[in-house]
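Written below as structure tokens is the structure these notes are about.
The values are calculated or read from the model by the stated rules, or taken from the named source; none is laboratory data. Just so it is clear, the model here is predicted, and its values are computed rather than measured. Every residue, glycine as well, gets a Cβ built from its backbone with ideal geometry; the counts of neighbours run over all protein chains shown.
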Amino acid sequence: MDNLQKKIVELKKEKKAVILAHNYQIPQIQEIADFLGDSLELARISRKLKERIIVLCGVRFMAETVKILSPEKKVILPVMGAGCPMADMITREDILKEKTAHPGAWVVSYVNTSAEVKAVSDVCCTSSNAVKVVENVPVDKVIFVPDKNLGWWVEKNVPGKKIFSWQGYCLVHEEFSLKDLEESKKLYPEAEVIVHPECRREILERADYVMSTSGMLKRAKESKSTKFIIGTEEGMIYRLKKENPAKEFCSLGTPKVCVNMKKTTLQDVYHSLESEKYNIEIDPVVIEKASLALERMVSYI
């Protein structure tokens, strides 16, 4: 642990704060985080924390989700400019238009959305529980936003329901190509191929497993295979290697990087703790409405 990491740990104790970090964060931040996880894991963890300050090392929609679930806490995002292009592909107005176009359908909103979008959604989901959530909604028609690839995966696994998928996508996962998959399998024919459901349909159809990052961790630990081809943001491979040192992990094709996830540095984390910024503020009315969609998600899993 370097000097800056030690200073962050000391300041964190002094401030009675806790650091939550997404699996895509840089290794140095993963190492000083109190909790690592995917969106669902971090959301669940945040509800149980007693600390007065939560520092969320990730992107804005994640910090907003934590604030919605724990409105009494001070939730800090070290870099306010760490956003999510996919989350920006759907707006509150878009949702309202979709509801008019598909009366009676429920809006299932991926957590990769703004607080305002969650507030006009019926239920939220994550990549790890999207199928289960859609299975449980009490209607046969679902407006799924914003990720078309996760929407296709849900449609494939819940054939009894009509899915209207918004055509958003993750800029990072969209980069994985069929050529990447074919060349990786030629190099490592014995390796298991595990990909994130935000990948393109042709990747999802040919992978051995389609899983969230938490699912990838679980599979890597339980599998008898010693080699894995991973189709998600490259930060996840660091954690997989660290927790499974006897196994080999490589990216599906060239490593894909989420620029927004990598905006947060150790210096940003230190300064955010020191000055207690950037504080996430959400309209109480939006929090109340969005929390219903998030609480409903939790009740379905």
When both residues are 6+ apart or on different chains and their Cβ atoms are under 9 Å apart, which pairs have a first residue that lies in segment 80-92 and is closer than 17 Å to V172 by Cα, and a second that is outside any loop (DSSP other than H, G, I, E, B) and among the hydroxyl-bearing types (S, T, Y)? M86/Y110; A87/Y110
Can you tell me which condition E198 does not meet? The list is (1) within 30 Å of K99 (Cβ to Cβ); (2) in contact with a Lys or Arg (Cβ under 7 Å, 6 or more places away or on another chain); (3) acidic (D, E); (4) in contact (Cβ under 8 Å) with a residue 40 or more places away in the chain, and all the others hold. (2)
Out of all the residues in segment 232-240, is one or more more than 28 Å from V9 (Cβ to Cβ), modelled with pLDDT of 95 or more, of a type in the set (G, A, S) and not assigned by TED's automatic domain parsing to the domain that holds I54? no
Of all the residues that make up segment 25-64, how many are of a type outside the set (K, R), in contact with a helix residue (DSSP H, G or I) (Cβ under 8 Å, 6 or more places away or on another chain), more than 22 Å from T232 (Cα to Cα) and modelled with pLDDT under 95? 1
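Looking only at segment 57-71, which residues are outside any helix (DSSP H, G or I) and either among the charged types (D, E, K, R) or surrounded by 24 or more Cβ atoms within 10 Å (Cβ to Cβ) (or both)?
Taking segment 57-71 as the starting set, the residues that turn out to be outside any helix (DSSP H, G or I) are 57-59, 70-71.
Listed by number, the residues that qualify are C57, G58, V59.
Which members of segment 203-226 meet the condition of being hydroxyl-bearing (S, T, Y) and closer than 25 Å to L42 by Cα? Can you show your working first?
Within segment 203-226, the first condition is being hydroxyl-bearing (S, T, Y), and the residues that meet it are 209, 212-214, 223, 225-226.
Y209, S212, T213, S214, S223, listed by residue number.
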Hits in segment 227-251 (condition: surrounded by 14 or more Cβ atoms within 10 Å (Cβ to Cβ) and in a loop (DSSP other than H, G, I, E, B)): T232, E233, E234, N244, K247
